[in-house]
Amino acid sequence: MEQKFIEELTETIDTEDKLAMDTVLADLEDWDSLSFVSFISMANASYGKKVAADQVREAVTVADLYQLVKG
Amino acid sequence: MKAYISGLAYALPEHVEENEKNRLTKKTGILRRHIAAEGELASDLAVQAAEKLFSKGLDRSKIDFLLFCTESPDYILPPTACLLQHRLGLSRNCGAFDYNLGCSGFAYGLGIAKGFIESGQAKNVLLITAETYSKHIHPQDHSTAPLFGDGASAVWIESVDEEDPGIRALHYGTDGSGAENLIVPVGGMRNPYGVAKEETTDQYNNIRDNYHLQMVGSAISEFSLEVVPQTLQYVLADAELAKAEVDYYVFHQANNFMLKYLQQKCDLLDVPYWNDVEEYGNTVSSSIPIALADMLKANPDKHLQNVVIMGFGVGLSWAGGVIDLTKVKYL
């Protein structure tokens with residue numbers, strides 16, 4: 001589940017960096033406004049989760065994003 | 001009598017702008033866009049699209065109603081539709097008005113046309129959508145400019161002696177609480193021309209101000225993912241169609257990634273679903289008719305009796321329905 005999420009996130013934000021659960025989003029060059037919008041759409045379309053922009057803004061690591069969509 | 005689409009044509013400005021080959025372009029799938037020249041207005045594109053339709057055989061003297069959908073009118077007043085009646089040489093016994101809608105505008109136009117025709121008030125409605133969003137967007141807003149292209153469509157809707165409707169199961173929705181997520185704040189009565197310019201520059205050096213289009217992309221995509229699947233359910237239930245019985249799904253062509261997320265969310269991965277933004281970008285109210293015309297040309301042998309359309313955007317406003325394209329003669 002975590003692995004699938006990481007793969008999907010990598011594709012969503014279209015990054016060549018290797019992502020892990022403890023990757024800090026601010027360290028990613030590709031974590032920009034476009035990735036932001038894409039992540040919210042991915043959470044909705046793939047996980048059926050309505051994630052607010054503020055929640056994404058507060059996320060520090062990949063694990064924080066995962067928390068927003070899981071369960 | 002029932003309203004059917006009989007002809008479709010579209011016109012694009014000659015000038016083409018290539019999008020930079022960057023992350024945004026890869027995501028949106030929009031490679032280039034047609035952009036109106038200085039002084040080239042939505043009404044000019046409207047005339048081109050309509051003349052194209054007339055040149056295919058539609059007799060303009062038959063038109064007894066003109067509907068014009070735009071957010072880029074020539075003037076505050078008079079209505080651009082009245083100017084178009086004159087420029088296109090339409091009958092003086094022809095009703096004409098503008099209505100201000102964006103991406104939901106085409107579906108609304110079909111609803112209005114159906115209403116006029118099936119209540120006996122009109123026989124031949126010319127529905128024109130035309131937009132020049134490029135004039136609303138700040139030239140240094142590189143996050144918004146690559147998404148939108150200019151263009152116009154002209155669609156002829158006629159009264160046909162049939163029992164079954166050619167335009168049906170229309171469902172509309174509105175949420176004005178989201179109005180500020182897609183807005184040009186200055187230029188109307190609330191903030192007339194001359195008010196102080198309020199400019200912001202984001203971390204990527206994109207400049208936006210209150211005189212130009214301001215879009216909150218995340219809010220718009222969130223809204224779309226919420227209302228489109230729901231409205232699709234209403235439309236299919238009303239039309240008594242199963243998902244697989246639909247011949248084609250032609251949604252508002254916002255951009256590739258939005259269309260893909262909607263396809264996934266609506267569970268339409270294994271059905272004919274139009275996604276073609278490469279050459280045009282988001283042409284607002286013209287995106288569905290342009291896509292319909294291209295789809296018809298690409299599928300000359302396909303029986304297109306049940307085509308689902310869905311528009312969503314500025315307002316916030318949305319609308320969808322089912323159209324029968326088997327009576328299209330002029331393309």
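The values are calculated or read from the model by the stated rules, or taken from the named source; none is laboratory data. Predicted, not measured: the structure shown is a model, and the values here were computed from it. All Cβ positions, even for glycine, are placed from backbone atoms using ideal geometry, and neighbour counts span all protein chains on display. Just the protein is used for accessible areas: all its heavy atoms, side chains included, with ligands, DNA and RNA removed. Shrake-Rupley method; radii C 1.70, N 1.55, O 1.52, S 1.80 Å.
Structure data summary
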| quantity | calculated |
| --- | --- |
| Members of the stretch A:33-52 found to be open to solvent by 30 Å² or more (accessible area, probe 1.4 Å), within 9 Å of another protein chain (Cβ to nearest Cβ) and not in a helix (DSSP H, G or I), listed by number | A:Gly48, A:Lys50, A:Ala52 |
| Output for the stretch B:197-232, where each listed residue is surrounded by fewer than 20 Cβ atoms within 10 Å (Cβ to Cβ), within 12 Å of another protein chain (Cβ to nearest Cβ) and hydroxyl-bearing (Ser, Thr, Tyr) | B:Tyr204 |
| Listing of strands (runs of 3 or more DSSP E) fully contained in the stretch B:130-201 that carry 3 or more residues being closer than 20 Å to B:Val216 by Cα | B:199-201 |
| Helices (runs of 4 or more DSSP H) (entirely within the stretch B:1-114) containing at least 3 residues that are open to solvent by 20 Å² or more (accessible area, probe 1.4 Å) and within 14 Å of another protein chain (Cβ to nearest Cβ) | B:23-28 |
| Residues of the stretch B:233-258 satisfying the condition of being touching a Gly at 6+ places or on another chain (Cβ under 8 Å), within 14 Å of chain A (Cβ to nearest Cβ) and part of a helix (DSSP H, G or I) | B:Asn256, B:Phe257 |
| Exclusive hit being surrounded by 13 or more Cβ atoms within 10 Å (Cβ to Cβ) and within 14 Å of chain B (Cβ to nearest Cβ), set A:Thr23, A:Thr10 | A:Thr10 |
| Matching residues, the stretch B:1-42, being in contact with a strand residue (DSSP E or B) (Cβ under 7 Å, 6 or more places away or on another chain) and of a type in the set (Ser, Thr, Tyr) | B:Tyr4, B:Ser6, B:Tyr10 |
